[in-house]
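Values in this text are rule-based calculations from the coordinates and carry no lab data. Bear in mind that the values here come from a model prediction, so they are computed numbers and not experimental data. Cβ atoms come from the backbone with ideal geometry, glycine included; neighbour counts cover every protein chain shown.
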Amino acid sequence: MVGISMATQVLPWRSPVALTSVCAILLAAALGSPSLGATSHLSVTKFGDSLTPGLAQATQEQDLERAQQLNQKALKLYQAGRYGEAIPLIEQVLSIREEVLGPEHVDTIASLNDLAWLYNSVSRYAEAAPLWQRVLTFYRQVGDRAGEGTTLNNIGEVYRAQGDYAQALDYYRRALMIHRQVGDRAGESVMLNNIGQVYHNQGDYGQALDYYQQSLEIARQVGDRVGEGITLYNIGLAYHDQGDYAQALDYYQQALMIHRQVGNQAEEGFTLNNIGQVYRARGDYAQALDYYQQALKVHREAGNRVGEGAALWNIGATYTDQKLYDQALPNLQQAFVIFRDISIPATQEAVAKAIHEVLEAIRQQGNPAKYQGQCQATAEATGVAVTQWCEGL
């Protein structure tokens with residue numbers, strides 16, 4: 001059974017600048033939100049002539065306060081990995097801010113940015129791209145070069161997630177040029193990492209490692225410990241993907257140390273996951289399960305539902321490798337429910353396929369009572385009719 005490695009970590013920009021990761025296999029999208037957590041200054045502007053000025057202002061203030069409340073609810077959903085549920089809330093926030101503040105107010109632009117990231121996170125790329133184009137136009141109109149570079153990066157991520165690497169590189173290189181022009185060394189490091197990630201996705205590990213090393217050097221020069229940790233992780237993954245497990249483990253362990261030092265639980269969990277993958281590839285299932293369990297604990301503590309689902313999937317896959325089907329199924333069932341709940345259908349389907357394979361293996365063992373019992377247990381655990389899991393029941 002194929003498990004899941006956490007993919008190369010793209011460093012998307014947020015406003016204010018922060019770095020986070022992408023799990024491309026799970027989401028083909030960024031795990032970071034550009035500004036959901038930011039506290040916006042709510043400028044109240046009057047609109048409409050049918051209300052008295054005082055009433056109009058009071059109504060607008062109420063609307064903006066409601067928008068802020070919705071924004072905070074969306075943030076909590078986002079942090080829990082429940083992207084599909086966060087989307088309608090941010091859509092409401094955007095609608096309110098466009099109506100009250102206007103389409104070019106900074107808070108409206110922030111909501112456009114947030115909604116684009118959420119669409120991107122659930123693979124709704126056709127909807128994310130035009131929103132970021134609007135954000136890009138705004139930054140160019142106001143002469144915000146840093147914002148322009150940030151948004152060029154984000155648009156590049158849309159293309160990268162869809163496998164359009166030529167377009168992704170074009171946008172990333174334009175962003176890199178801007179960050180160099182404005183002397184933003186941290187931004188330069190981010191873009192070098194992301195360019196490396198495109199080459200990595202294409203299997204050009206030599207080019208990828210060259211860009212990662214450039215990114216790493218700058219991150220260390222500017223004291224960007226978060227970026228340093230993520231880039232070390234990406235270097236480890238490049239070696240991992242080439243089957244050089246000793247080098248992969250070395251870089252993963254360096255990354256893990258930094259993630260723990262800076263309190264980056266999301267990246268800590270992803271790195272623990274991939275260390276587990278290395279041991280699993282070597283056939284050391286006990287070590288693999290130990291690291292997966294550590295990853296699961298970290299993701300649960302952090303409320304990272306995507307990481308939790310990935311760890312459960314890998315635990316189930318490792319038990320399946322050993323033909324320990326009774327231990328595999330509960331973990332796969334939990335993973336299925338998580339990916340369904342957070343609206344990642346492609347991954348949900350992949351886990352469903354893994355469950356079908358385990359149930360079929362149990363059926364072939366020639367114990368009808370056990371097979372029927374596991375089919376029923378799966379139906380109860382997932383809320384899916386037993387006939388969808390097992391034929392003839």
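In region 347-365, the residues that are over 15 Å from Gly316 (Cα atoms) form Cβ pairs under 7 Å with partners that are surrounded by 15 or more Cβ atoms within 10 Å (Cβ to Cβ) and aromatic (Phe, Trp, Tyr), at six or more places apart or across chains, as follows: Arg363/Tyr371. Within region 118-157, the residues that satisfy the criterion of being over 20 Å from Leu176 (Cα atoms) and either aromatic (Phe, Trp, Tyr) or touching a Lys or Arg at 6+ places or on another chain (Cβ under 6 Å) (or both) are Tyr119, Tyr125. Every condition in (1) charged (D, E, K, R); (2) crowded, with 24+ Cβ neighbours inside 10 Å; (3) free of Cβ contacts under 8 Å to residues at least 40 places away in the same chain is met by Arg174 except one, and the failing one is (2). For region 91-101, the count of residues that are in a helix (DSSP H, G or I) and in contact with a Lys or Arg (Cβ under 6 Å, 6 or more places away or on another chain) is zero. Which one is surrounded by the most Cβ atoms within 10 Å (Cβ to Cβ) among residues in region 71-89 that are aliphatic (A, V, I, L, M) and touching a residue at least 24 places away in the same chain (Cβ under 8 Å)? Among those residues, the one meeting the criterion is Ala86. Residues in region 90-111 that are surrounded by 17 or more Cβ atoms within 10 Å (Cβ to Cβ), over 25 Å from the mean Cα position of the chain (by Cα) and more than 19 Å from Thr151 (Cα to Cα): Ile96, Arg97, Val100, Leu101.
Return the only residue of Arg305, Arg300 being in contact with an Asp or Glu (Cβ under 6 Å, 6 or more places away or on another chain) and surrounded by fewer than 23 Cβ atoms within 10 Å (Cβ to Cβ).
Details: Arg305 fails: in contact with an Asp or Glu (Cβ under 6 Å, 6 or more places away or on another chain).
Every option except Arg300 fails the conditions.
Here Gly143 fulfils each of the conditions (1) small (Gly, Ala, Ser); (2) within 23 Å of Val122 (Cα to Cα); (3) surrounded by fewer than 24 Cβ atoms within 10 Å (Cβ to Cβ) apart from (2).
Would you check which residues across region 228-257 are over 20 Å from the mean Cα position of the chain (by Cα) and either within 21 Å of Arg185 (Cβ to Cβ) or among the aromatic types (Phe, Trp, Tyr) (or both) and list them? Residues satisfying the conditions are Tyr239, Tyr245, Tyr251. Going through (1) surrounded by 24 or more Cβ atoms within 10 Å (Cβ to Cβ); (2) at positive phi one by one, Gly283 falls short only on (1).
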